[in-house]
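Notes for the one structure printed next.
The values are calculated or read from the model by the stated rules, or taken from the named source; none is laboratory data. Treat the numbers as computed from the prediction; the structure is a model and nothing was measured. Quick reminder, even Gly has a Cβ in these numbers, built from the backbone with ideal geometry, and neighbours come from all protein chains shown.
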Amino acid sequence: MDTEHKYRSADLMRKQNARSILRVIHEERGIYRKNVAIQTNLAAQTVTNIITVLIDQGIVLEQPMNIAGKGRNPFALQINYGGFYIVSVQITNFFIEVYLNSLDGGVRYQKYYEIARQRDAFAILKNAVSEVMATFKDIYTVSAIVISEAGIVIEDYTLGWQGLNLREALREFGTPVLVLNDVNIIAHYENSQQKEPSNFMIVKIGNGVGSALVLDGRVIYSSNHVSGEFGHVTAYVPGEKIKCFCGRTNCITKFISKGALKSRLGMSYAEIKEEVNRGKTAAREMVENIGPIMAPKLSDLIMLLDLDRVILIGDVVEDFEDIIIPSFEKEIQENMSFWVPFHRLEVKKYDCFPKICSSYAIEYYFSNDSGTQFLWDAYF
Ligand SMILES: [Zn+2]
């Protein structure tokens, strides 16, 4: 073995050991050194050497625990997520919002860009990212650009970037670019909050309808990247025949999304909200129908996939929760087999976007251990 090779293997080994130690500290915040050694199967001295470097570099924090009645307080370890940064980008058909935030969700910068009709959304995105990167280039190192996009990520017809690979197109910024559908990224976040592996589905009713699935603690992806298009399953609505842009007829999105309500009623969304509150109006009737149209489809999925929960999100759900949810619950309960342990329908609002992106960046770095450059490799 030549010297250079020997050096490189030692280097690789040190990096691998550091990754294992960081993973254990990530998974068990507040762990003690002794337990790190036990869980990583590394010698106590190796753990101490590596942790010393991790603390010196500001990657890990070690603080005394205050345990009353104990002689010498042990020192608890945690990763210094507040000291590392990402750019988080939210893209919808109407706006782009850019944040610079630490991995614990602390926001240092936030800027909103409207997407006017016929404008080049990609140019706006690229300028927005350039601006934040340039502003902070001497202050913070950006560990990833995390992009959440409403809709099908690679084929967005409204934004006019069919076939555009955002990851490649933003490569020049020299940091990993993680691109995800908006409902999927929420699914990753929700999943990261669970103590035990669980099975759930998130359905968003906003301008369109989107969904994401988590089974046995994993966010599910098909190899074609377009699974979870719940908005384009067929609704059973006798007497109706509405063509969808996707080529099908009577897609669920054509009856329940904000876009569908607006175009069918010929009103703005604000007007619809007023009309629904006025009592027995056409708008109210249409909103009352959301539950009965969607529930049979959801019950089938709950049944088929053995889901514990369904989480509903999005403007339409939030604004009309009182109308939609009771009918949903009734329909689902009546349609459930006795062996399905489904126990609840939840309405949630996730208003911690930078934190959601951070959580995904952390998951990305810890789940790509062997392949890509690990976030903290450069320090070893
Ligand atoms: Zn469709």
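Taking the numbered list (1) assigned to a helix (DSSP H, G or I); (2) modelled with pLDDT under 95 in turn, Ser337 passes all entries but (1). For Phe255, the criteria (1) within 16 Å of the ligand (Cβ to nearest atom); (2) free of Cβ contacts under 8 Å to residues at least 24 places away in the same chain; (3) not in a loop (DSSP other than H, G, I, E, B) hold in every case but one, which is (2). Here is the figure for segment 259-278: residues that are within 16 Å of the ligand (Cβ to nearest atom) and surrounded by fewer than 19 Cβ atoms within 10 Å (Cβ to Cβ) total 3. If we scan segment 88-104, do we find a residue that is on the phi > 0 side of the Ramachandran plot and either not in a helix (DSSP H, G or I) or not small (Gly, Ala, Ser) (or both)? Looking through segment 88-104, none of the residues is on the phi > 0 side of the Ramachandran plot and either not in a helix (DSSP H, G or I) or not small (Gly, Ala, Ser) (or both).
Residue-by-condition table, conditions (1) modelled with pLDDT under 90; (2) not assigned by TED's automatic domain parsing to the domain that holds Ser130; (3) not small (Gly, Ala, Ser):
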site	(1), (2), (3)
Gln16	yes, yes, yes
Arg29	yes, yes, yes
Lys34	no, yes, yes
Ala37	no, yes, no
Thr40	no, yes, yes
Ala44	no, yes, no
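Scanning segment 195-252 for residues that are closer than 16 Å to Leu312 by Cα, more than 16 Å from the ligand (Cβ to nearest atom) and polar (S, T, N, Q) gives a single hit, Asn199. Criterion applied to Leu301, Leu307 was being part of a helix (DSSP H, G or I) and within 28 Å of the chain's Cα centre (by Cα), and the one residue passing it is Leu301. Taking first residues from segment 230-241 that are of a type in the set (S, T, N, Q) and partners that are surrounded by 11 or more Cβ atoms within 10 Å (Cβ to Cβ), the Cβ contacts under 6 Å between residues at least 6 apart in sequence or on separate chains come to Thr234/Asn250.
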